[in-house]
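Just below is one structure, and these are the notes that go with it.
The values are calculated or read from the model by the stated rules, or taken from the named source; none is laboratory data. Note that this is a predicted model, so its numbers are computed, not measured. Positions of Cβ are backbone-derived with ideal geometry, glycine not excepted, and every protein chain shown enters the neighbour counts.
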Amino acid sequence: MVMSIVILLCALFASTVLSHDHEGHIFHNHDHHRLLSQEPHGCGFQAPDKATIERLAIAQEERVARIEQERAITSQALFRCNPARSDTQVVHIDTYIHAIEMTNGTGFLSDAVLEQSVESANKHLLSTGFQLNLISMNRVTSDIWYISKWNSEEQKAMESQYKEGGPNILNIYYKAAILGSERYCGYANLAEDAISAGTQDGIVMDSNCATADAVLAHEVGHWMNLLHTFDGGCSPGDLVDDTNAQASYYTGSGYDCPDPLPDTCPDQPGRDPLDNIMDYAPSECVDRFTRGQARRMQEAWRNIRDA
Ligand SMILES: [Zn+2]
């Protein structure tokens, strides 16, 4: 149930279905070929419901209170100062890339493209206090794993075989990012669910989106516990104080940022934060995380991923 809540997606809006028989073999049907020939042209999302988001907020408050109390007791017991880590200190997250390609070369990404995807993410993440520290790039050739769906036995087997480290280590799988009947730019689980996700904790990036600016940074945002700016609607919202309330994502077309910005929660201050990496917006709008988002990521790092 938990994982169904937290899967966070950027859709390519592919409309075809991959099908497997009971042995996990792929039917080489037209749906399969149509799906793999889809080019990215947008984003989609399965939002947690408002009740779930409210539970996330309560869970975070309880976690922070409990951990602060534990640390206070620990520092008193040891008769020493136990200083909080500085929010301005850059945290380097050890990162492993697993690049899956098909036997016919579909999905191949050069070392330069993979490195560039990390550099691009780091450019966007700099303001949050996090940087990805690329440890290795592992190359795998497998037709079945390349097109495996989220939560399928095939994808679980792949992740079990290659996942490195625990909750404080980032594993990124470049492949076709498929969930249900759709192909997405990527998906990730929240930090909140790192433990329950187990070997599935990580990011799946579609190889067709490897060069798309901010997509990996967006997925890292989820992995570090950020919701979309429009999740939770006008209330309770995305659990971040300094992102303007937003009822729904922008559905306009084109690359230009709309002027004026839409205002989907007119009873609350500010217009929709289309300039936020955790929103879906024309590429000209997307360029930043807020301080509040950085604080939420830092809380998740301290108290969950690196606890
Ligand atoms: Zn997303």
Sole residue being in a helix (DSSP H, G or I) and either at negative phi or out of contact with any Cys (no Cβ under 8 Å at 6 or more places or on another chain) (or both), chosen from 164, 154: 154
Conditions (1) modelled with pLDDT under 95; (2) out of contact with any Leu (no Cβ under 7 Å at 6 or more places or on another chain); (3) within 16 Å of the ligand (Cβ to nearest atom); number of the one not met by residue 256: (3)
Single residue of 251, 243, 290, 229 found to be among the hydroxyl-bearing types (Ser, Thr, Tyr) and within 17 Å of residue 129 (Cβ to Cβ): 290
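Results for (1) β-branched (Val, Ile, Thr); (2) over 20 Å from the mean Cα position of the chain (by Cα), shown as yes or no for each residue.
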| position | (1), (2) |
| --- | --- |
| 213 | no, no |
| 222 | no, no |
| 246 | no, no |
| 259 | no, yes |
| 266 | no, yes |
| 275 | no, no |
| 283 | no, no |
| 290 | yes, no |
| 295 | no, no |
Failed item, numbered, when residue 185 is tested on (1) touching a His at 6+ places or on another chain (Cβ under 9 Å); (2) under 23 Å from residue 131 (Cα atoms); (3) at pLDDT 95 or above: (3)
Matching residues, segment 192-209, being touching a helix residue (DSSP H, G or I) at 6+ places or on another chain (Cβ under 8 Å), modelled with pLDDT of 95 or more and among the small types (Gly, Ala, Ser): 202
Evaluation of residue 270 against (1) away from the ligand (no atom under 16 Å from the Cβ); (2) within 30 Å of residue 113 (Cβ to Cβ); (3) among the small types (Gly, Ala, Ser) (one fails), failing number: (2)
Residue match in segment 53-61 (condition: surrounded by 10 or more Cβ atoms within 10 Å (Cβ to Cβ), modelled with pLDDT under 80 and more than 16 Å from the ligand (Cβ to nearest atom)): no
Meets criteria (surrounded by 20 or more Cβ atoms within 10 Å (Cβ to Cβ), farther than 24 Å from residue 304 by Cα, more than 16 Å from the ligand (Cβ to nearest atom) and within 15 Å of the chain's Cα centre (by Cα)) for residue 174: yes
Answer from 196, 148, 160 - the residue that is more than 16 Å from the ligand (Cβ to nearest atom) and either within 21 Å of residue 91 (Cα to Cα) or surrounded by 21 or more Cβ atoms within 10 Å (Cβ to Cβ) (or both): 148
Flag for residue 246 being touching a residue at least 60 places away in the same chain (Cβ under 8 Å) and either surrounded by 16 or more Cβ atoms within 10 Å (Cβ to Cβ) or among the hydrophobic types (A, V, I, L, M, F, W, C) (or both): no
